[in-house]
Amino acid sequence: MSTENIITRAIIERFSRKLTDNLQLDVALVGGGPSALVAAAELACRGYKVAIFEKSLAPGGGVWGGGMLFNEVVVQDNALAILDDFKIRHYPVPAGEGYHTVDAVEMAAGLIFGALQAGATVFNAIAVEDIVFQDGRVRGLVINWQSVRKLGMPVDPLTVIARAVVDATGHPCEIIRTATAKAQVRLATETGAVMGERPMWVDNGEQDTVASTAEYYPGLYACGMSATNVTGGYRMGPIFGGMLLSGRKLAELIDRNLRGS
Ligand code: 48H
C-alpha cells in the first residue's frame with residue numbers, strides 16, 4: 001500500500017472507531033468551554049464514558065481571548081485547587097486579596113489536555129443541532145459538522161445517545177433553548193423558562209454560576225455561563241473561578257444521579 005493510502009486509511013479507521021465507541025455515552029457535553037472541560041475530566045476520572053461535542057476547531061471556549069484579547073484571565077483562591085489538578089500555573093495579583101492571573105493559552109490548553117488524559121473524548125468541529133427527546137426525557141444529541149451548518153447544506157444529521165446531556169454552550173444556552181422551543185419542556189426555574197442573563201456584577205455572577213449548575217429537565221443539565229443564563233444570573237467578565245467550580249459541581253451532581261439511576 002502506498003504511504004498516502006496508509007495515512008488515509010489509518011485516519012479513517014481510527015476516527016470511525018472513536019465515533020462508534022461514543023454513540024452510547026454516560027455523559028454528552030455540548031460545548032468545550034472551561035466548565036465542560038473540568039466536568040469531563042472529573043467524570044472520566046470517575047469511570048464514566050464522556051464526550052464533548054464542540055462546534056469550533058479548538059475547544060476552550062471563551063478562555064483563549066482572556067479579557068478583551070489581553071490573553072490573561074483571573075481566578076480566585078477557592079478554585080486554585082482545580083488549576084493545580086490540571087498543572088496550570090497561576091500568579092497572585094500583587095494587592096489582590098485572593099485573586100490570581102493565569103495565562104489564557106495555558107489554561108485553555110491545560111484544560112483540554114487534562115480532559116483528554118483523564119479519558120474523555122473531544123469531537124471538535126461538530127455542532128449539536130437538536131436533542132433526542134423521548135418519553136418526557138432528554139436522551140441524546142443530534143450532531144452535524146459545523147461546516148455543513150455554516151454552508152447551509154441540506155445534510156441530515158446523526159445521533160448520539162446519553163444518560164445525561166449537558167448544555168455547556170455558554171451565553172447562548174442553545175440546547176436548553178432548543179428543549180424549550182421544540183419539545184416545549186418546562187424547566188426547573190422560577191418561571192419554567194430561560195430567564196436570561198443579567199448585566200455585569202462580578203461577585204454575584206460568580207456565585208450564580210455555581211448555584212445554578214443543575215439538572216433543569218430530566219436528562220438535561222446546564223453548567224457555566226449557560227446555567228447563569230437559564231436562571232437569570234449576572235455576568236462576571238474574564239474571571240473563571242466560577243466556571244471551574246461549576247464544572248466540578250456538575251460532575252458531582254451527575255455522578256450522584258447516575259449512581260442512583
Ligand atoms: C457544539 C457549541 C454549540 C453547539 C456553542 O462559553 P464557553 O467558554 O463556556 P463556559 O460556560 O464554560 O465558560 C464561559 C466563559 O468562557 C465566559 O464566556 C465568561 C466567563 N463570560 C463572562 C462574561 O461576562 O461575558 O464555551 C462554550 C462552547 C464554545 O466553545 C462554543 O463554540 C460551544 O460551546 N458551542 N458546541 N454545538 N450547538 N454552541
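The values are calculated or read from the model by the stated rules, or taken from the named source; none is laboratory data. Bear in mind that the values here come from a model prediction, so they are computed numbers and not experimental data. Here the Cβ positions follow ideal geometry from the backbone for every residue, glycine too, while neighbour counts run over all protein chains shown. Accessible surface is based on the protein model in full, side chains and every heavy atom, while ligands, DNA and RNA are left aside. Shrake-Rupley method; radii C 1.70, N 1.55, O 1.52, S 1.80 Å.
Would you grab the residues whose amide H sits under 5 Å from the one on V122? Only those 5+ places off in sequence or on another chain, please, with H modelled 1.01 Å from N.
Residues meeting the amide H criterion: I52.
Kindly report the accessible area of segment 21-260 per residue (heavy atoms of protein chains, probe 1.4 Å, no ligands, DNA or RNA), in Å².
45 Å²
Sorted by accessible area (1.4 Å probe), largest first, how do H90, H100 line up?
Largest accessible area first, the residues go H90, H100.
Over segment 4-114, what per residue volume does the convex hull of the Cα atoms give, in whole Å³?
Working: hull volume 14.5 nm³, N = 111.
Cα convex hull per residue, to the nearest whole number: 131 Å³.
Arrange the peptides 137-150, 5-18 so that the one whose residues have, on average, the most other Cβ atoms within 10 Å appears first.
Taking the mean over residues of other Cβ atoms within 10 Å, the ranking is 137-150, 5-18.
Hey, can you rank 115-124, 212-221 by average C-beta count inside 10 Å, highest first?
212-221, 115-124
Let me know the shape class of segment 205-261, please: from the alpha-carbon gyration tensor, a ≥ b ≥ c as square roots of the eigenvalues, rounded when a/c is under 1.5, otherwise prolate if a/b is greater than b/c, or oblate.
It comes out oblate by the Cα gyration axes.
So how much slack lies between Q134 and T159, counting 0.36 nm per residue of separation and subtracting their Cα-Cα distance, in nm?
Extending this stretch completely gives an extra 7.7 nm.
So how far apart, in nm, are the two label points at T8 and A58 if each is 7 Å from Cα heading toward Cβ?
Label at T8, label at A58, 3.0 nm between them.
For D85, what accessible area in Å² do you get when you roll a 1.4 Å probe over the heavy atoms of the protein chains, rounding to the nearest 10?
Around 100 Å² of this residue is reachable by solvent.
At what distance in nm do the modelled label points of S16 and M68 sit from each other, each positioned 7 Å from its Cα along Cα→Cβ?
Output for this residue pair reads 5.2 nm.
With all protein chains present, calculate the accessible area of D21 using a 1.4 Å probe and round the result to the nearest 10 Å².
Result for D21: roughly 80 Å² accessible.
Excluding W201 itself, calculate the net charge of residues whose Cβ lies under 13 Å from the Cβ of W201, where each Lys or Arg counts +1 and each Asp or Glu counts -1.
Within the 13 Å Cβ shell, the charges total -2.
Go ahead and run the numbers for FRET between N204 and K150, Cβ-Cβ distance against an R0 of 45 Å, rounding to 0.05.
Between N204 and K150 the formula returns 0.80.
Classify the chain as rounded, prolate or oblate, taking a ≥ b ≥ c as the square roots of the eigenvalues of its Cα gyration tensor: rounded when a/c is under 1.5, otherwise prolate if a/b is larger than b/c and oblate if not. Walk me through the numbers on the way to the answer.
Values: a/c = 1.68, a/b = 1.19, b/c = 1.41.
Note, shape of the chain comes out oblate.
Quick one: length gained pulling A211 to K182 fully straight, 0.36 nm per residue minus the C-alpha distance?
Stretched out fully, the A211 to K182 stretch lengthens by 7.8 nm.
Quick one: check the C-alpha center-to-center distance for segment 23-79 versus segment 134-208, whole angstrom.
One Cα centre to the other: 16 Å.
In a GNM of the chain with a 10 Å cut-off on Cα contacts, which of G170, G242, G67 has the highest mean-square fluctuation?
Maximum among the listed residues: G67.
Cα to Cα, under 25 Å, and not fewer than 8 places away if on the same chain: which lysines meet these conditions relative to K87?
K49, K249
Let's test this: bin the Cα-Cα distances of segment 114-258 at 5 Å from zero up to the farthest pair and state each bin's percent.
2, 10, 18, 21, 20, 16, 10, 3, 0
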